[in-house]
Each structure stands twice: as C-alpha cells, then as structure tokens.
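Note sheet for the following structure.
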Amino acid sequence: MRNILVTKDNFTFINEDVCNQTKLEDIIKNNHIDYVFHLAANTDLWESMKNPDIEHEYTFMTTKSLMNAMRNQGVHDMFFASTSAIYGEQTGDGFREEDKLFPISYYGAAKMASEAYIYAFAYMNNINVLIYRFSNIIGGSMTHGVIRDFILRLQKTSDHLDVKGNGYQTKPYLHVTELIDAILMFPGTTKGIEIYNVGATTCSNVRFIANAVVNEMGLTGIPINYEERENGWKGDVAHYEYNIDRIKAKGWNWKQNSDEAVLRTVHELVEELRDSNKERQLNSQL
C-alpha cells in the first residue's frame with residue numbers, strides 16, 4: 001500500500017482479496033466500474049520457487065476470480081499485465097508476440113495460464129482485452145529484483161558482494177514511469193484481444209548492475225564475487241532480448257535505454273535507503 005500515489009480526487013483505495021469473487025463483484029457493481037486494469041499477481045518469485053502453490057493462488061486464481069466477476073457484472077473492457085517469462089529460454093533476434101510460449105518458471109506458467117483463461121473469456125463473453133507482456137520493470141520503491149537484493153545485501157555486509165551466477169546474465173530493463181506511459185496510451189480503444197511486448201530493446205548485464213550499486217553506495221573497490229554457473233537459479237532466464245516492433249508501430253517507444261534505467265533506479269533506491277536510515281536515526285533520538 002505504501003507504493004500507491006494518489007494524484008486524483010476521484011480515487012478510492014479498497015483493501016480486499018481479489019480472489020474473493022463475491023466482494024469483487026460488489027466492488028464492481030457499487031462503483032459502476034466499466035474498465036479493469038488487472039495487475040494483481042505474486043511478486044516474490046523466490047517464495048514461489050519453494051512453493052508453486054503461491055503462483056496458482058496469487059497469479060492464476062486472481063485472474064480466474066476477476067474474469068468471472070467481470071462476466072457476471074457485464075464488464076467488457078480490461079488491461080492485463082503479462083510477462084516476458086512466458087517465452088522461456090528461446091533464442092533468436094528477440095522475443096516476438098507470435099513466438100511459441102515455453103515458460104520455465106512457475107510464475108511464467110501461471111501468467112501463461114492466465115492469458116489462456118482470458119482468451120477464452122474474451123471470446124465467449126465479448127470482452128476486449130489489452131495485454132502487455134512486460135520485460136524487467138524497475139524503479140524507485142520496487143519490492144523485489146536484483147537491484148534491491150544487492151542493496152539489501154550491502155546494507156547488511158558492506159565489505160563484499162556475493163552474486164548468483166557468473167554476472168553475464170543479460171536482460172532488458174525498463175523504468176516503471178515509461179511502462180505507465182505505455183499502459184495509459186490505449187485503454188478503451190482495444191477491439192478483441194491485442195497483445196504487445198513492452199520493454200527496452202537494449203540490455204544490461206548483472207555485472208553492470210552490481211558495479212552501479214556498489215558505486216552508488218560509496219563502496220567502490222570492494223570484492224564482487226561471482227559464481228561459475230551461467231544462471232543465477234533454476235528457472236532464471238539468463239539471456240533474452242525483446243522485439244517491440246508491434247507497439248512501436250502504435251506510437252510507443254522507450255526513452256531511456258536499459259543501462260540508463262538501471263542507473264536511475266539504483267540512485268532512487270539508494271536515496272530511499274538513506275532517507276529511511278535518517279528517519280530511523282531521528283526516531284531513535286526522540
């Protein structure tokens with residue numbers, strides 16, 4: 001809840017379980033909702049690696065509950081946040097929307113299952129669906145991900161940094177503000193189902209990220225220890241690129257490349273850490 005920024009007077013925050021279909025239908029009915037942005041999903045991939053049921057409950061079942069609620073309440077327009085994880089470890093010139101889907105993580109599988117469920121509901125109930133398959137989205141106040149993990153590790157032990165994998169894992173990173181711009185471009189104009197990859201077409205590797213974090217925290221020169229294995233963990237897609245020709249043709253393109261988005265996010269997160277440390281110091285003095 002701390003990441004919700006209210007900028008409009010007509011905003012209402014409701015703290016409710018999306019899997020509670022009855023409550024969800026009441027919310028849709030009582031607030032006269034005619035367009036749904038569905039971004040609810042599990043964000044702690046480490047936990048779901050140990051317990052796949054987490055993805056079933058929080059990533060797929062949220063979709064099932066929402067689609068049934070929309071059907072019963074006559075809502076015919078929605079946005080769904082999907083992911084690059086549904087493509088898996090395919091190689092080529094960059095993932096395209098028409099590529100086959102071979103997820104290798106529980107999260108990717110749950111998102112793919114959600115897409116399939118949405119396709120059927122859209123067809124059977126005349127629902128218009130805009131689907132974005134996000135690349136790695138980063139930015140201030142993020143709650144998970146490699147940048148945040150490095151910062152937290154160095155906060156605990158600042159004399160070295162241990163990194164999972166060999167550090168050459170390479171992925172496209174997009175700042176969350178650019179994603180929001182993309183999301184707000186098309187709602188209400190979709191007919192049927194439209195699917196777009198959304199992300200940068202440039203990439204950053206883990207070694208660049210590690211050095212960026214170390215430097216921003218004023219720890220330049222400390223040892224950074226890498227493993228020999230390529231993947232950071234089982235289910236991690238070590239390398240991928242994104243093809244965004246389809247959404248570029250609609251008028252959207254990234255402004256900051258992947259490295260720039262990483263540097264911006266590192267600065268934002270380290271500043272948040274410094275601010276929280278100052279707040280704790282002040283509170284301890286009261």
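Odds and ends about this structure:
- Highest-fluctuation residue, Asn15, Asn68, Asn166 considered, GNM on the chain with Cα pairs under 10 Å: Asn15
- Mean sequence separation of contacting Cα pairs (under 8 Å, at least six apart), scaled by the length of the chain, corresponds to a relative contact order of 20 percent.
- Mean residue ellipticity (222 nm) of the chain, computed from DSSP H runs ≥ 4 via -39,500 (n - 2.57), nearest 500: -12000 deg cm²/dmol
- Here the relative contact order of region 193-262, from alpha carbon pairs under 8 Å that lie six or more residues apart, stands at 59 percent.
- Kyte-Doolittle mean at least -0.5, axial Cα span of 20 Å or more - DSSP H helices of the chain: 106-125
- Note on Thr220 and Asn125: the extension gain reaches 28.5 nm, defined as 0.36 nm multiplied by sequence separation minus the Cα-Cα distance.
- Heavy-atom accessible surface of region 149-286: percent carbon and sulfur, 1.4 Å: 50
- Under a Gaussian network description of the chain, with springs only between Cα atoms under 10 Å, the residue in Asp93, Asp245, Asp77 that fluctuates furthest is Asp93.
- Cross-link pairs Lys164/Lys250; Lys50/Lys164; Lys171/Lys250; Lys171/Lys248 - those with Cα-Cα distance over 26 Å: Lys164/Lys250
- Size of charge dipole - the chain - debye, nearest 20, with Cβ of Lys, Arg +1 and Asp, Glu -1, no other charges: 180
- Computing FRET efficiency as 1/(1 + (r/R0)^6) for Asn277 and Asp93, where r is the C-beta to C-beta distance and R0 is 45 Å, gives about 0.50.
- Spatial separation of Cα centroids for region 126-171 and region 209-275, in angstrom: 7
- Antiparallel content of DSSP bridges confined to the chain, in %, to 5: 10
The values are calculated or read from the model by the stated rules, or taken from the named source; none is laboratory data. Computed from a predicted structure; not experimentally measured. Heads up, the Cβs are rebuilt from the backbone with ideal geometry, glycines too, and the neighbour counts pull from every protein chain shown. Surface accessibility is based on the protein's heavy atoms, side chains included, excluding ligands, DNA and RNA. Shrake-Rupley method; radii C 1.70, N 1.55, O 1.52, S 1.80 Å.
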